[in-house]
Amino acid sequence: MTRYICMAIAAASLLVSSSERSSPLAGVIVITLDTTRADRLTPYGYSSVAMPALEALAQHGAVFERALAPAPLTLPSHCTIFTGLLPPHHGVRDNGDEPLNASHRTLAEILRAHGFRTAAFVASAVLDASRGLDRGFDVYSGVTKPERQRRGGAVIDEAVAWLDGASSSRFFLWTHLYDAHRPYDAPEPYGSRAPDPYVGELLYADAQIGRLMAALERKHLLEHTLIVVAGDHGESLGEHGERDHGIFVYENVLRVPLIIRAPGSVSRLVRDTAQLIDIVPTILDIAGIPAPPVDGRSLREAMKGHRDDDREAYAESLYPQRFGWSAIRALEYDGLKLIDAPRRELYNLARDPFEQRNIAVERPALVLAMARRLAAIGAQDAAGHQWLTGDVIERRRVLSSLGYSAGAAVLVAPGDARDPKDCRAWVTPPYAECR
């Protein structure tokens with residue numbers, strides 16, 4: 001057991017009997033960390049470096065040991081973060097899909113309707129204002145052409161300036177840090193402090209979070225602000241034959257950091273499974289605002305130390321369909337995980353957290369039952385899933401510049417689609433043909 005986890009448990013045991021301190025809510029901040037694995041952050045036991053900003057948030061808030069993303073892609077996961085809906089239900093299932101439909105209310109729309117000033121500062125063209133997440137924001141600042149991404153420092157510069165010029169009314173601020181996305185080229189001194197370039201980018205992101213926290217302290221807002229730090233998805237880093245992310249749905253791309261510091265909260269390690277669908281209902285619960293119908297549920301009681309019932313967690317990647325390969329879906333429940341592909345995989349995560357031993361042939365009835373449940377959750381919504389609509393040429397160019405294949409889906413019959421596992425030699429960009 002890691003040093004931080006031991007400290008968190010000790011702190012929680014000392015404070016568990018104390019009542020939750022009441023404190024007025026001045027604002028809400030959501031910090032999304034693109035392409036960030038939980039196991040490379042110090043609040044989750046990574047010990048090769050220090051990450052003081054994240055550690056400070058963890059020492060005054062809840063660290064969700066097991067938080068899961070619904071997809072290994074930026075846009076679908078962010079749509080989930082800000083609607084509380086799974087990708088099959090909000091309809092955005094790939095970075096190149098049509099924008100989030102206006103029928104789905106976003107967190108920003110809800111908070112603005114309740115008197116919050118709202119602002120968003122994002123770092124990637126994947127989250128451009130045209131993608132639908134700008135709804136509800138008074139200010140929505142992204143990259144400018146010909147940029148496709150920008151450093152976290154530029155994002156935080158704008159966020160701090162907005163905070164410094166803000167009035168005394170309640171606020172909602174979203175900052176998106178894209179730095180851990182390939183290519184990993186953290187500025188100094190962060191690159192040389194890290195054991196590898198990927199962690200160097202995380203050190204740099206931590207420093208930017210520290211700048212934002214310092215701005216809150218200058219305005220005496222830190223103790224009165226609800227702060228949520230969440231990864232949108234992880235990074236394979238070569239595991240399971242994938243260099244980056246997007247194709248597979250193993251734990252290295254689904255398990256993400258989730259740290260929530262609320263006014264009056266105490267340090268606590270939460271072992272119950274959390275999901276990105278839970279962020280909207282949790283924020284609204286703490287803010288005292290009724291939540292619309294969502295797929296997630298509030299984590300407020302878990303943050304107080306109350307145990308939750310076992311729950312299922314759904315994830316999908318339709319990205320392989322771009323290459324004529326099969327889509328992949330996953331369902332986790334009670335420590336077991338089914339990956340539904342042409343050749344199904346079942347893992348006992350408690351005994352096999354790195355998903356090395358496929359036990360599907362040993363539990364055929366369970367596999368069939370979980371596959372049926374997956375089919376029910378992952379069914380396409382009424383609008384269907386379309387790949388080639390809107391400004392296709394521009395979207396392909398943008399995605400290609402960020403390292404994603406920008407090609408159209410290769411339409412094949414479901415029974416003819418290749419299992420992406422059979423195409424591991426081709427899953428590194430530019431994704432050569434595997435038939």
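The values are calculated or read from the model by the stated rules, or taken from the named source; none is laboratory data. It should be emphasised that the depicted structure is a prediction, and the values quoted were computed from it without experimental measurement. Cβ sites come from the backbone with ideal geometry, for glycine too, and all protein chains shown count toward neighbours.
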Residue, modelled with the highest pLDDT, within segment 112-155, restricted to residues that are charged (D, E, K, R) and part of a helix (DSSP H, G or I): R112
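Can you pull out the residues in segment 160-182 that are without any contact (Cβ under 8 Å) to a residue 60 or more places away in the chain and not small (G, A, S)? Steps first, please.
First, the residues of segment 160-182 that are without any contact (Cβ under 8 Å) to a residue 60 or more places away in the chain: 160-169.
Across segment 160-182, the qualifying residues are V160, W162, L163, D164.
Filter segment 270-312 for residues that are among the acidic types (D, E) and closer than 24 Å to R373 by Cα; which is surrounded by the most Cβ atoms within 10 Å (Cβ to Cβ)?
Here is the first cut: in segment 270-312, the residues among the acidic types (D, E) are 272, 278, 285, 295, 301, 308-310, 312.
Next cut, closer than 24 Å to R373 by Cα only: 272, 278, 295, 308-310, 312.
On the way: D272: 17, D278: 29, D295: 22, D308: 14, D309: 5, D310: 10, E312: 14.
This residue is D278.
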Residue satisfying condition, being surrounded by fewer than 23 Cβ atoms within 10 Å (Cβ to Cβ), assigned to a loop (DSSP other than H, G, I, E, B), assigned by TED's automatic domain parsing to the domain that holds A274 and touching a His at 6+ places or on another chain (Cβ under 9 Å), within set H60, H104: H104
Quick one: would you say Y250 is among the aromatic types (F, W, Y), crowded, with 21+ Cβ neighbours inside 10 Å and in contact (Cβ under 8 Å) with a residue 24 or more places away in the chain? yes
From L368, L346, L399, residue being surrounded by 17 or more Cβ atoms within 10 Å (Cβ to Cβ), outside the structural domain of R150 (by TED's automatic domain parsing) and at pLDDT 95 or above: L346
Unmet criterion (only one of (1) in contact (Cβ under 8 Å) with a residue 60 or more places away in the chain; (2) in contact with a Lys or Arg (Cβ under 8 Å, 6 or more places away or on another chain); (3) part of a loop (DSSP other than H, G, I, E, B); (4) buried (at least 20 other Cβ atoms within 10 Å of the Cβ)) for A315: (3)
Quick one: T80 ticks every box in (1) in contact with a Pro (Cβ under 6 Å, 6 or more places away or on another chain); (2) crowded, with 23+ Cβ neighbours inside 10 Å; (3) part of a loop (DSSP other than H, G, I, E, B) except a single one, so which number is it? (3)
Of all residues making up segment 160-211, the number that are crowded, with 22+ Cβ neighbours inside 10 Å, in a helix (DSSP H, G or I), of a type in the set (A, V, I, L, M, F, W, C) and touching a strand residue (DSSP E or B) at 6+ places or on another chain (Cβ under 7 Å): 2
Is there a residue being assigned by TED's automatic domain parsing to the domain that holds G27, within 27 Å of G200 (Cβ to Cβ) and among the β-branched types (V, I, T) anywhere in segment 163-180? yes
I'd like the full set of residues that are in contact (Cβ under 8 Å) with a residue 24 or more places away in the chain, crowded, with 19+ Cβ neighbours inside 10 Å and of a type in the set (A, V, I, L, M), limited to segment 139-159. V155, I156, A159
